[in-house]
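Quick notes on the structure that follows.
Bear in mind that the values in this text are calculations on the coordinates, not laboratory data. This is a predicted model, so every value here is computed, not measured. Neighbour counts run over all protein chains shown; Cβ positions are idealised from the backbone, glycine included.
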Amino acid sequence: MPSAGASPKRRPFGQRLAAAMAQHGPLCVGIDPHPGLLQAWGLEDSITGLRRFSLGVVEALAGHVAALKPQVALYERHGSRGLAVLEETLALCAAGHVLSIADAKRGDIGSTMAAYADAWLAEGSTLAADAVTLSPYLGFESLRPALDLAAATGRGVFVLGLTSNPEGKSVQHVGGATSVAKGIIDAVANENQDERPFGSTGLVIGATVGDALAELGIDLVASAAPILAPGLGAQGATGAHMKASFGAFWPQVLGTSSREILKAGPDAGALRAAASATRDSLL
Ligand SMILES: O=C(O)c1cc(=O)[nH]c(=O)n1[C@@H]1O[C@H](COP(=O)(O)O)[C@@H](O)[C@H]1O
């Protein structure tokens, strides 16, 4: 069983991420083993294919990018053996000294949230990553067990603020100048007080949000949050779009792209070249 009370053995996630971004540039590569990508790599949609794909991505990119982000759903669809491959993938990230972000998008009532926190953030959990994505739409405070455990173990979280999908607006933009998303971003700012360059409570703001930050009057500098920005590549956003959308908040932004880079595999050199080209578009 994971041990929630263990003392931290590592620097806070926000500091470790800032160092990784300074060393490798502001790119995270998502590990999204879609059936079509497995096929394109010459692999079966099976546990063996999932394992070869996942370990191949980590082996190719550890030491070359700031972070890797396995998409948990694509392991869950293979059942318990898929989760075992995810555990192996996270362990290989740790061994390769590349930060891991488990894209699990967890969010539940507080008592259940504590169990999710144990899975993704506790010492001794085989699923623990350096950070996990969380959904705050049961109320930001419902995330408290995960926020507290991340702080205790030197891990981080990325809380959904403005998501990259077009449907997100129907919830997140509600309220205009006092939007639902702004309330979440203010709550994140409260978690990161006095932490610079940024704290360990991050935000997800889609690379595809266009003018939404300006329209909603959102100040990301005040949040002191690292910003995970998906939507780059396969969802249509480019580095130029992102720089226009984020403006003065750019130093906080960690772009993340999955399919656009993964389709360059399985050759490790081709994967690295695709990641480098995307990273360079963010510099
Ligand atoms: O939390 C995420 O990473 C996420 C949030 C969001 O708003 N939009 C979004 O696309 N994502 C994830 O980022 C990845 C994007 O994959 P690509 O579109 O292939 O680059 C997927 O795993 C999504 O689940």
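Restricting attention to region 124-149, the residues that are of a type outside the set (Asp, Glu) and more than 16 Å from the ligand (Cβ to nearest atom) total 13. In the set (1) in a loop (DSSP other than H, G, I, E, B); (2) surrounded by 18 or more Cβ atoms within 10 Å (Cβ to Cβ), the condition left unmet by LEU37 is number (1). Counted as qualifying within region 204-283 are the helices (runs of 4 or more DSSP H) with 1 or more residues that are over 17 Å from the mean Cα position of the chain (by Cα), namely 212-215, 239-246, 268-281. Residues in region 180-202 that are small (Gly, Ala, Ser) and more than 16 Å from the ligand (Cβ to nearest atom): GLY183, ALA187, ALA189, GLY199, SER200.
Scanning region 78-92 for residues that are within 23 Å of LEU27 (Cα to Cα) and within 16 Å of the ligand (Cβ to nearest atom) turns up LEU86, THR89, LEU90. Of all residues in region 52-74, those satisfying the criterion of being in contact (Cβ under 8 Å) with a residue 60 or more places away in the chain, outside any helix (DSSP H, G or I) and of a type in the set (Gly, Ala, Ser) are ALA66, ALA67. Could you go through region 55-77 and let me know if any residue there is surrounded by 16 or more Cβ atoms within 10 Å (Cβ to Cβ), on the phi < 0 side of the Ramachandran plot, within 13 Å of the ligand (Cβ to nearest atom) and aromatic (Phe, Trp, Tyr). Looking through region 55-77, at least one residue is surrounded by 16 or more Cβ atoms within 10 Å (Cβ to Cβ), on the phi < 0 side of the Ramachandran plot, within 13 Å of the ligand (Cβ to nearest atom) and aromatic (Phe, Trp, Tyr).
Would you confirm, using the coordinates I've provided, whether ALA129 is among the small types (Gly, Ala, Ser) and either surrounded by fewer than 23 Cβ atoms within 10 Å (Cβ to Cβ) or more than 30 Å from ALA95 (Cα to Cα) (or both)? If you could, list the steps in order and put the result at the bottom.
On the way: among the small types (Gly, Ala, Ser): yes; either surrounded by fewer than 23 Cβ atoms within 10 Å (Cβ to Cβ) or more than 30 Å from ALA95 (Cα to Cα) (or both): no.
Taking the combined requirement at face value, the residue does not satisfy it.
A single entry from LEU121, LEU134 fulfils the requirement of being farther than 22 Å from LEU27 by Cα and buried (at least 22 other Cβ atoms within 10 Å of the Cβ): LEU121.
Can you say whether LEU74 is more than 18 Å from LEU27 (Cβ to Cβ) and in contact with a His (Cβ under 7 Å, 6 or more places away or on another chain), as far as the supplied structure shows? Before the answer, list the steps.
Details: more than 18 Å from LEU27 (Cβ to Cβ): yes; in contact with a His (Cβ under 7 Å, 6 or more places away or on another chain): yes.
It is true that LEU74 is more than 18 Å from LEU27 (Cβ to Cβ) and in contact with a His (Cβ under 7 Å, 6 or more places away or on another chain).
Tallying residues that are crowded, with 17+ Cβ neighbours inside 10 Å and without any contact (Cβ under 8 Å) to a residue 40 or more places away in the chain within region 247-259 yields 1. With respect to ILE205, is the statement that it is touching a residue at least 40 places away in the same chain (Cβ under 8 Å), under 23 Å from GLN15 (Cβ atoms) and within 16 Å of the ligand (Cβ to nearest atom) true? When the stated conditions are applied, ILE205 passes them.
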